[in-house]
There are 2 protein chains.
Amino acid sequence: MRGEEAFERLRMAILDGTLPPGAPLSRRRLAEEMAMSAVPVADAISRLEGEGLVESRARAGTRVKIATAAEIQGNYVLREALETHSARLFAESADGRQRLRLLAAAERLDRAYNALGRQQQYTQALHAKVERIHIAFHMQIARATKVALFADAVERSRVLLFNWIFTVSPDFEKLPERWHRDLAASLAHGSPEEAAEAMRAHVRYRQGEVLERFERLARQQAQDSRMVRGPRRRPLK
Amino acid sequence: MRGEEAFERLRMAILDGTLPPGAPLSRRRLAEEMAMSAVPVADAISRLEGEGLVESRARAGTRVKIATAAEIQGNYVLREALETHSARLFAESADGRQRLRLLAAAERLDRAYNALGRQQQYTQALHAKVERIHIAFHMQIARATKVALFADAVERSRVLLFNWIFTVSPDFEKLPERWHRDLAASLAHGSPEEAAEAMRAHVRYRQGEVLERFERLARQQAQDSRMVRGPRRRPLK
DNA sequence: TAGTGATAACTGGCGTGCCAGTTCTGGTAG
DNA sequence: CTACCAGAACTGGCACGCCAGTTATCACTA
């Protein structure tokens with residue numbers, strides 16, 4: 001029971017940005033914060049490591065995983081495979097009610113993104129909120145297939161990027177006005193092939209931009225740490 | 001170190017059929033067998049549970065997961081998504097050497113299946129050996145993409161079924177003579193679309209048969225356990 | 001014989017504590 | 001100031017042992 005609680009709380013903290021990539025996860029400190037012993041915390045961390053959310057080096061600390069550009073790239077490849085099939089299955093077999101709900105969800109999601117684009121400045125809290133709606137939209141498609149194993153795989157792949165994407169702040173004002181509404185229309189009214197192709201374009205759409213931002217960020221951070229390696233290493237957090 | 005060892009050994013034992021679906025995994029017994037304490041074993045089991053290979057109920061025992069028909073079905077859906085994309089990427093970007101190697105691997109794999117079909121009787125050891133070649137063939141396609149995250153996802157989905165499939169013994173003599181050679185030819189010489197469609201057909205090929213066998217097996221086992229529930233429950237192992 | 005129930009054996013969850021290895025800190029020498 | 005290094009502080013891996021809850025056993029009853 002306590003192990004489950006530790007797992008869920010840590011997972012949530014990573015996903016909502018409370019524990020950003022690179023944040024240290026000390027077994028003892030977390031155990032104290034959650035009012036339990038170190039054992040269930042260690043088990044939770046071990047499971048999170050299995051999901052790829054966390055990285056630990058024996059006796060040298062555990063931190064929230066910092067993705068490499070290659071891993072971001074890989075995540076997009078994986079998602080293209082999963083979500084393209086998800087779209088195909090949706091177009092093949094979703095019922096009328098599911099199609100209508102998807103169109104409505106796309107409407108809400110686009111509104112949220114457009115509102116984000118009109119904000120004066122970027123805040124992670126707002127970004128996190130909209131990304132949660134975004135993930136819900138895609139999960140609505142995946143879950144309509146009624147195949148739990150498949151929907152779970154889609155969710156895991158989304159969750160990985162969901163964490164990583166916080167380290168960049170996209171140009172929200174440049175996103176297409178009808179970004180998801182057009183996608184939803186293809187899924188709801190198009191053939192399976194059209195739905196799959198629409199989703200493929202959708203997944204690929206921001207891949208290049210995100211990758212480029214990540215690489216720039218990684219170069220910058222490498223340079224930062226090289227600069228401080230002269231006199232002394234900086235305490236990471 | 002010991003935890004890693006426990007994890008790998010248990011994983012291997014599940015995959016090669018030493019621990020078939022339903023086999024009990026007692027923390028203390030395994031710890032004794034592997035000459036370590038219960039902690040690393042518990043951690044390994046926890047991670048295996050995260051991968052879906054094992055199922056544990058608090059204070060009532062842990063066993064190797066017995067798949068339901070719905071999960072088998074879901075596994076095929078997931079694999080269709082992953083492997084279809086895998087095939088597409090292979091056709092798009094594999095180099096000449098990789099294509100030649102794939103054709104050769106298909107040749108070997110078909111020979112192994114044909115040999116299995118000529119065997120007088122089914123033995124699990126032989127089946128396991130051929131299935132390992134089978135999985136290696138598909139991983140050769142996935143790894144050619146050079147996308148680790150994606151190849152790992154393909155492997156995980158394969159591994160799940162790899163365990164479950166042992167509970168049925170297919171009609172090996174009815175398998176197509178050139179089952180994988182034709183697939184490999186499509187991947188090595190066809191367009192990305194042709195490759196994807198060939199893989200789709202390949203994945204779907206035995207899905208129906210496997211599912212039917214599983215359902216029949218499940219019904220039979222349910223009936224068995226209902227019969228012995230009259231006088232006394234049978235010790236499961 | 002079949003059914004029942006007390007109980008012994010066993011299960012996974014977890015608290016405590018030690019260990020060897022890594023990282024951080026502050027004092028010292030140049 | 002900078003470079004260095006010894007020791008303090010902290011890290012994750014693991015052993016041990018207890019606990020509450022589940023399951024198997026077997027004498028006993030009808």
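The values are calculated or read from the model by the stated rules, or taken from the named source; none is laboratory data. The structure presented is a predicted model; accordingly, all values stated were derived computationally and were not measured. Positions of Cβ are generated from backbone atoms using ideal geometry, with glycine treated the same way; all protein chains shown enter the neighbour counts. For the accessible areas, the whole protein counts, side chains as well, though only heavy atoms, and no ligand, DNA or RNA atoms are used. Shrake-Rupley method; radii C 1.70, N 1.55, O 1.52, S 1.80 Å.
Key figures
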{"item": "Over 32 Å (Cα to Cα) - which of A:65/B:146; A:65/B:65; B:65/B:174; A:129/B:65; A:129/B:146 fall in this group", "result": "A:129/B:65; A:129/B:146"}
{"item": "Sulfur and carbon atoms: percent of accessible area, segment B:69-216 [1.4 Å]", "result": "50"}
{"item": "The protein assembly as shown - Rg and Dmax from Cα coordinates, angstrom", "result": "24.2, 79"}
{"item": "Computed FRET value (nearest 0.05) for residue A:148 with residue B:124, which takes r as the C-beta separation and R₀ as 25 Å", "result": "0.30"}
{"item": "Compactness index (Cα Rg / 2.2 N^0.38 Å), chain B", "result": "1.11"}
{"item": "Mean ellipticity per residue at 222 nm, deg cm²/dmol - from DSSP H runs of n ≥ 4 across chain B, formula -39500 (n - 2.57)", "result": "-23500 deg cm²/dmol"}
{"item": "Phi to ³J(HN,Hα) by Karplus 6.51 cos²θ - 1.76 cosθ + 1.60 over segment B:47-63, Hz, x for Gly, Pro", "result": "5, 5, 5, x, 7, x, 8, 9, 9, 10, 10, 3, 6, 10, x, 10, 9"}
{"item": "Cα-based Rg / Dmax (Å) for segment A:2-66", "result": "10.4, 28"}
{"item": "Cβ neighbours within 10 Å from other chains - mean over B:75-83", "result": "6"}
{"item": "Between segment B:97-175 and segment A:15-41, the Cα center-to-center distance that results, in Å", "result": "41"}
{"item": "Against the rule of thumb 2.2 N^0.38 Å, how large the Cα Rg of segment A:113-204 comes out", "result": "1.16"}
{"item": "Neighbourhood charge, 11 Å Cβ-Cβ cut-off, centred on residue A:160 and excluding it, Lys, Arg +1 and Asp, Glu -1", "result": "+1"}
{"item": "Distance (nanometres) between label positions extended 7 Å along Cα→Cβ at residue A:55 and residue A:189", "result": "4.6"}
{"item": "Inter-probe distance in nm under a simple model that places probes 7 Å from Cα toward Cβ, at residue A:92 and residue B:104", "result": "3.6"}
{"item": "Interface size A-B, as summed buried accessible area [1.4 Å probe, Å², nearest 100]", "result": "1800"}
{"item": "Chain B residue with Cβ closest to the axis mapping B onto A, distance in whole Å", "result": "B:50, 2"}
{"item": "Label-to-label distance, nm, for residues given as residue B:8 and residue A:174 (7 Å Cα→Cβ offset)", "result": "4.6"}
{"item": "Selection from B:148, B:58, B:116 lying farthest towards where the dipole of chain B points positive, charges on Cβ", "result": "B:58"}
{"item": "Phi-based couplings in Hz for segment A:27-36 (Karplus 6.51, -1.76, 1.60; Gly and Pro marked x)", "result": "3, 6, 5, 5, 4, 5, 4, 9, 6, 8"}
{"item": "Relative contact order for segment A:1-63, counting Cα pairs under 8 Å that sit 6 or more residues apart, in percent", "result": "39"}
{"item": "Under-5 Å amide H pairs with residue B:66, H placed in peptide plane, nonlocal only", "result": "B:22"}
{"item": "Relative contact order [Cα under 8 Å, 6+ residues apart], segment B:1-133, whole percent", "result": "22"}
{"item": "Percentage relative contact order, chain A, counting C-alpha pairs under 8 Å, at least six apart", "result": "26"}
